[in-house]
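The values are calculated or read from the model by the stated rules, or taken from the named source; none is laboratory data. Given the structure is predicted, the values throughout are model-derived calculations rather than measurements. Positions of Cβ are backbone-derived with ideal geometry, glycine not excepted, and every protein chain shown enters the neighbour counts.
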Amino acid sequence: MDADPVRVHVRQLQACGLGLRRVAVAGGIERSVLIGLMNGKPGRAPARKVRPQTALRILGVQPTLDNLGASTVIDATGTVRRLRALVAQGWSQAKLAGQLGIAPRNFTQTISAERVIVRTARAVCRLYDELWDQPPPEEGHRDKIAASRARNHARAHGWAGPLAWDDRELDDPEARPRGVRRAAA
């Protein structure tokens with residue numbers, strides 16, 4: 001099989017922050033195979049052909065939160081939607097920031113960010129998975145006020161709650177929530 005399309009795919013993975021070692025592990029192949037594909041062997045040009053099975057394994061590797069480096073910068077769509085959905089459910093931004101271990105000022109930046117690092121996205125995914133179906137604590141007067149303010153803030157900004165999203169849509173920039181009217185500009 002022609003190696004050029006496979007090489008292009010590996011370059012795209014590298015542009016997303018995946019090194020050859022991570023691509024090899026994710027594809028279940030030896031790193032030396034990728035080195036031969038990309039750079040050639042000492043005194044030889046890069047491979048012109050690749051075995052079909054090897055090509056399929058490499059082409060099957062996609063950048064995900066699981067295989068990207070922790071400091072890789074990625075699109076924040078899913079992170080922002082998860083945080084906003086929790087606020088729409090009544091979780092205060094201060095409580096969420098505390099659960100994530102970040103300063104409230106940094107949380108404010110994260111909830112409206114265009115890009116985040118993978119470490120942050122992973123932490124938000126874990127928190128969302130834990131809280132999406134849990135109501136916020138509302139035992140005391142302050143908790144009730146915080147939850148009410150969070151819901152009102154989310155409503156005013158047109159943020160969708162967890163039930164408006166299918167899990168597969170959270171990270172898709174083109175997806176739209178179900179049953180949510182946009183806030184007036």
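Observations on the model:
- Within segment 11-47, the set of residues being charged (D, E, K, R) and at pLDDT below 90 comprises K41, R44.
- Within segment 59-93, if we keep just the residues that are among the hydroxyl-bearing types (S, T, Y) and in contact (Cβ under 8 Å) with a residue 24 or more places away in the chain, the residue that is farthest from V118 (Cα to Cα) turns out to be S92.
- Within segment 2-52, the set of residues being free of Cβ contacts under 8 Å to residues at least 40 places away in the same chain, within 17 Å of P63 (Cβ to Cβ) and among the basic types (K, R) comprises R7, R11, R21.
- In segment 20-48, the residues that are of a type outside the set (V, I, T) and surrounded by 14 or more Cβ atoms within 10 Å (Cβ to Cβ): L20, R22, A24, A26, G27, R31, L34, G36, L37, M38, P46, A47
- In segment 112-149, residue surrounded by the fewest Cβ atoms within 10 Å (Cβ to Cβ) [restricted to those that are over 24 Å from the mean Cα position of the chain (by Cα) and charged (D, E, K, R)]: E139
- In segment 145-176, the residues that are part of a loop (DSSP other than H, G, I, E, B) and under 13 Å from Q89 (Cβ atoms): W159, A160, G161, W165
- Filtered by the rule that a residue be surrounded by 14 or more Cβ atoms within 10 Å (Cβ to Cβ) and among the polar types (S, T, N, Q), segment 58-105 gives N67, T72, T77, T79, Q89, S92, Q93, Q99.
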